[in-house]
Amino acid sequence: MAFSERAWFSFWACLVILSSLTVSALSGNFYQDFDITWGDGRAKILNNGELLTLSLDKASGSGFQSKNEFLFGKIDMQLKLVPGNSAGTVTAYYLSSQGPTHDEIDFEFLGNLSGDPYILHTNVFSQGKGNREQQFYLWFDPTADFHTYSILWNPQRIVFSVDGIPIREFNNSESIGVPFPKSQPMRIYSSLWNADDWATRGGLVKTDWTQAPFTASYRNFKADACIWSSGASSCDSRSPSSTSNANAWWLSQELDSTSQERMGWVQKNYMIYNYCTDTKRFPQGLPLEC
Ligand SMILES: *[C@@H]1O[C@H](CO)[C@@H](O)[C@H](O)[C@H]1NC(C)=O
Ligand SMILES: *[C@@H]1O[C@H](CO)[C@@H](O)[C@H](O)[C@H]1NC(C)=O
């Protein structure tokens with residue numbers, strides 16, 4: 001091989017290696033990771049898989065789900081919610097397993113009249129039982145831009161975060177008899193639908209259909225997670241597709257003191273409902289984990 005040929009060969013070899021690196025770095029692709037499950041064309045994957053939009057009109061909402069099932073993970077998604085008068089609409093973004101004793105970890109965004117605050121509603125179901133709502137206002141307008149909503153789920157705890165700031169922690173309290181989601185794999189689901197019988201000011205404000213279609217957008221999905229497939233976890237060292245547990249730092253992640261302070265700030269200033277302090281609702285005594 002002449003020198004120039006060799007030089008060209010290494011140049012092309014480098015390009016091939018670089019482009020394959022780029023492909024794995026861009027792994028958050030909606031075509032690759034999600035299926036649109038309902039809405040008859042109202043859900044769309046755009047920009048080569050970088051953007052997904054859901055829409056809602058009087059006839060129907062729409063939704064999607066992940067192709068993979070996960071058993072533990074740190075899952076991030078950026079959402080930009082329905083702008084303007086979104087009263088009556090609900091954008092749900094959650095993890096759920098299947099069946100009557102399912103586990104579920106929920107974010108739900110309850111729309112509002114223009115200029116009035118969205119409510120971020122959260123819940124945790126274990127073994128089919130929920131009733132663990134906490135609700136928050138946000139410290140920004142969630143319709144003006146994309147923000148990151150994250151779920152950390154490991155065997156010790158579940159942490160909900162917004163733009164990296166933890167807003168809620170649900171600890172594993174199995175030692176005092178509270179079931180914790182840790183054996184049923186879950187998929188990611190999202191949907192946009194009409195819930196004007198309860199969503200906005202408890203159902204007082206109805207959806208204004210002259211504003212339809214309503215649209216919510218998604219981008220930058222990232223899952224550092226154990227993928228569940230054919231009864232085995234990718235985090236199990238015996239699995240052929242094992243991610244070494246050393247890389248799965250989030251499997252034992254906990255809140256450091258800075259994160260706890262930030263969570264305290266959110267809960268003090270933006271929390272508007274906490275089932276753990278609702279003594280009227282639980283006259284026989286608050287749930288054990290509280
Ligand atoms: C969760 O457990 C940690 C200790 O492991 C504790 O500091 C924290 O307050 C607990 N959080 C809740 C919400 O109970
Ligand atoms: C909508 O705005 C009203 C008035 O500010 C507020 O009470 C309510 O919590 C807001 N959010 C929802 C989803 O109702």
Open item on the list: Anything in the stretch 109-121 that is more than 17 Å from T148 (Cβ to Cβ) and either assigned to a strand (DSSP E or B) or near ligand 2 (Cβ under 6 Å from one of its atoms) (or both)? List them, or say none.
Closed with: L110, N112, D116, P117, I119, H121
Task: Complete set of residues in the stretch 137-152 that are in contact (Cβ under 8 Å) with a residue 24 or more places away in the chain and either outside any loop (DSSP other than H, G, I, E, B) or aromatic (F, W, Y) (or both) - done: Y137, W139, F146, H147, T148, Y149, S150, I151, L152
- [ ] Just need a number here: residues in the stretch 153-173 that are within 15 Å of the chain's Cα centre (by Cα) and part of a loop (DSSP other than H, G, I, E, B).
- [x] 3
- [ ] Write out, first by first residue and then by second, each pair whose Cβ atoms fall under 7 Å of each other, whose residues are 6+ apart or on separate chains, and whose first residue, in the stretch 199-227, is closer than 30 Å to W250 by Cβ while the second is within 12 Å of ligand 2 (Cβ to nearest atom) and of a type outside the set (A, V, I, L, M).
- [x] A216/T91
TODO: Provide a single number: the residues in the stretch 242-269 that are at pLDDT 90 or above, in a loop (DSSP other than H, G, I, E, B) and closer than 25 Å to Y189 by Cβ.
DONE: 1
TODO: Of the conditions (1) part of a strand (DSSP E or B); (2) surrounded by fewer than 20 Cβ atoms within 10 Å (Cβ to Cβ); (3) not charged (D, E, K, R), S60 clears all except one; give me its number.
DONE: (1)
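One line per residue, one yes/no per condition, for (1) exposed (fewer than 13 other Cβ atoms within 10 Å of the Cβ); (2) at pLDDT below 95; (3) assigned to a loop (DSSP other than H, G, I, E, B); (4) on the phi > 0 side of the Ramachandran plot:
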| site | (1), (2), (3), (4) |
| --- | --- |
| T207 | no, no, yes, no |
| T210 | yes, no, no, no |
| A216 | no, no, no, no |
| N220 | no, no, no, yes |
| S237 | yes, yes, yes, no |
| P240 | yes, yes, yes, no |
Open item on the list: If I ask for residues that are surrounded by 17 or more Cβ atoms within 10 Å (Cβ to Cβ) and within 27 Å of A195 (Cα to Cα), which ones from the stretch 29-43 would you list?
Closed with: F30, F34, I36, G39, R42, A43
- [ ] Please give the number of the condition I272 fails out of (1) part of a strand (DSSP E or B); (2) under 24 Å from D103 (Cβ atoms); (3) within 16 Å of ligand 2 (Cβ to nearest atom); (4) not charged (D, E, K, R).
- [x] (2)
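The values are calculated or read from the model by the stated rules, or taken from the named source; none is laboratory data. Only a predicted model underlies this, so the values are computations on that prediction, with no experimental measurement involved. Note that we place each Cβ from the backbone using ideal geometry, even for glycine, and neighbour counts take in every protein chain shown.
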